[in-house]
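Can you read through this structure? Questions will come right after.
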Amino acid sequence: MAGRLTTALRALPRHLREDLWTGAAEEPLPVGGRRPGWLAWRPAIVVPLVFGGAYLLAFTANVYTRQYGINPPIAFVAAAVGAAAPIVALYRPVLAWWASTAVLLVIGYQAGSVFNPFAGLPWQRTGLAAQAVVLFLAALRVRPRATAEMLVLGVLAGVFANALVSGGIRDDAVPALVLAVCALVGALLRGRQKARTELVVQEKLTAEERARRTLLEERNRIARELHDVVAHHMSVISIQAQVAPHLAENPSDELKENLRGIRQNAVEALTELRRVLGVLRSEDSRPEGAPHAPQPTLDRLGELVDNVRGAGVAVTTATTGTPRPLSPGTELSAFRIVQEALSNAMRHAPGATVHVALGYHPDRVTLGVTNTAPDRPAPPSPGAGHGLLGMHERTAMLGGELATGPTPDGGYEVTAILPAPATPAAHSDDAEDTP
């Protein structure tokens, strides 16, 4: 016990300096956050404090000059500082407390130098009102430890000021009790407001956590549905394509190649599906949030076209401009748009010839996938597809343009323009390639 008391006494000067000198005890007002309720009424609180300060200025200045015999300039300055302290306490409570305490000590010293047995004591007569208001407003803004320090030092200052005038220490329990009540009420109101603020913050965090968990549960449900339906069928397709050559008598090389391509496409689709399911089940849905495989880019466009050709579709390609690296989002969106357009051509235009055009420009990249008219009716497609909707969403996300529609010869065309400003390095490379 004695050790704790010794440690507390040794730390007292440091605490006083931190709380009452550096201003660290003042809690900063939140910027854009939830402010204490009484601060919203601060402009209205200033009005009665101004009227009260004007009355206090006239009253205390008269007492200082007539009863305490203080020179009028000193009396007016001291009265003005004491009257302004409650208003200043709304914005700088520690500074206002110092001002009211300093005025009390100065008046006690000045009044003590001119003895007047009929003069009232400075603490009760002129200093208590401003000191009580300042302490109450300070208790609403500072830590409880600083409030206790202000209370103790304020009581000591008042007792000392009265002793300078009366010539000895008197019974000053009433003003001390008034200050204690003001400090206690202010501290309790501050604690109540702080608890309410923390409760609001906690409720907001709880709501956000509940929404996050709901979203995660919904994503897990979607992932389960995709896994149970799509993954099952793709696995069956892969296995059937692998077993089919062994079931046929003397299968041709072309049949084996086509079945091998079907199995390869099914395996790749399963791989990408697992990647999507991993993102859906992950709490961090950002691409960099988990060690997923790299997303496809335009560098794999040739591989995509070869897979389509392996399925028996005639595909031609053409590239204009100088190929250059694009942003990851543009690369992925361009690849997916071409992939979806080729898939649509395979499903809805059997026997058609498909042409893929890729153009690099200084500020954009253009994509064009055009197929001729089909040579036979397309098989019915179950359900409504989302391919065109996905293309529009990807293009709109990048701020580009997408146009889709039939061609005059009965085919179909998909054209996308994606913003892709060239980097300075790309410009310099183009300049070096120019003869």
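The values are calculated or read from the model by the stated rules, or taken from the named source; none is laboratory data. The structure presented is a predicted model; accordingly, all values stated were derived computationally and were not measured. Counting neighbours? That spans all protein chains shown, and the Cβs are built from the backbone with ideal geometry, glycine included. Heads up: the accessible areas ignore ligands, DNA and RNA and are worked out on the full protein's heavy atoms, side chains in. Shrake-Rupley method; radii C 1.70, N 1.55, O 1.52, S 1.80 Å.
Apply 1/(1 + (r/R0)^6) to the Cβ-Cβ distance of Arg14 and Val276, taking R0 = 41 Å, and write down the FRET efficiency to the nearest 0.05.
That gives a FRET efficiency of 0.10.
Quick check: the distance between the Cα centres of segment 327-404 and segment 75-153, to the nearest angstrom?
Centre-to-centre distance over Cα atoms comes out at 79 Å.
If you don't mind, another one. Please report, as a whole percent, how much of the solvent-accessible surface of segment 110-184 comes from carbon and sulfur atoms (probe radius 1.4 Å).
73 percent
Between Glu209 and Asp363, what FRET efficiency comes out of the Förster formula 1/(1 + (r/R0)^6) with R0 = 45 Å and r the beta carbon distance, rounded to 0.05?
Step by step, r from the Cβ atoms, then E = 0.55.
Roughly speaking, what % of Cα-Cα pairs in segment 134-224 are separated by over 23 Å, rounded to a whole number?
I get 52 percent for the Cα pairs in segment 134-224 exceeding 23 Å.
Only Lys, Arg, Asp and Glu count, each charged at its Cβ (+1, +1, -1, -1), so figure out the dipole size of segment 88-215 about its Cα centre, rounded to 20 debye.
The calculation lands at about 580 debye.
Rounded to the nearest whole Å², what accessible area per residue is found for segment 88-241 with the 1.4 Å probe?
Here the per-residue accessible area is 55 Å².
Find the Cα radius of gyration of segment 115-173, compare it with 2.2 N^0.38 Å by division, and give the number to two decimals.
Here the answer is 1.25, to two decimals.
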